[in-house]
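This report concerns only the one structure given below.
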Amino acid sequence: MEAKKHNHGRLYRAKIVPFRGPPEYGEWFDTEAGLRSAMSLAARLIGNRYYCESKLLTCAECDANEVPRVIATL
Ligand SMILES: [Zn+2]
């Protein structure tokens, strides 16, 4: 039997990877389009790499605790 999973949708945020040092993260957005729109207005530093990271939304009954993962470059 397959475990039952809820579908609460996903969240999206920017993951900024500098040339040196630890990655930084932006705020969560409801949609990838919303994140891309916000990022299109943001200043970018040369040498930084920008990714779109996504995670599943969960509730108290969801057992899965998925780690956010990169799904695209920004
Ligand atoms: Zn749930």
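Coordinate-derived values only; no laboratory data. Because the structure is predicted, anything quoted here is derived from the model rather than measured. Cβ coordinates were reconstructed from backbone atoms using ideal geometry, including for glycine residues, and neighbour counts include every protein chain displayed.
Let me spell out the model: positive unit charges on the Cβ of Lys and Arg, negative unit charges on the Cβ of Asp and Glu, origin at the Cα centre of the chain. What dipole size does that give, in debye rounded to 20?
Dipole size: approximately 340 debye.
Return one number: the angle in degrees, 0 to 90 and rounded to the nearest 10, between the long axis of the Cα atoms of helix 32-41 and the longest principal axis of the Cα atoms of the chain.
Value to nearest ten degrees: 20.
Return the distance in nm (one decimal) between the two label points of a simple spin-label model at Ile46 and Thr58, each offset 7 Å from Cα along Cα→Cβ.
Between Ile46 and Thr58, the simple spin-label model gives 4.2 nm.
Just from the alpha-carbon atoms, what are the Rg and Dmax of the chain in angstroms?
14.5, 50
Using only DSSP helix segments of four residues or longer, with each worth -39500 (n - 2.57), what per-residue ellipticity at 222 nm results for the chain after dividing by its residue count and rounding to 500?
-4000 deg cm²/dmol
Work from the charge dipole of the chain (Cβ charges, +1 for Lys and Arg, -1 for Asp and Glu, about the Cα centre) and give the residue of Ser40, Tyr12, Ser54 farthest towards its positive end.
Ser40
Relative contact order of the chain: what whole-number percent is it, with Cα pairs under 8 angstrom and at least 6 residues apart?
Relative contact order comes out at 36 percent.
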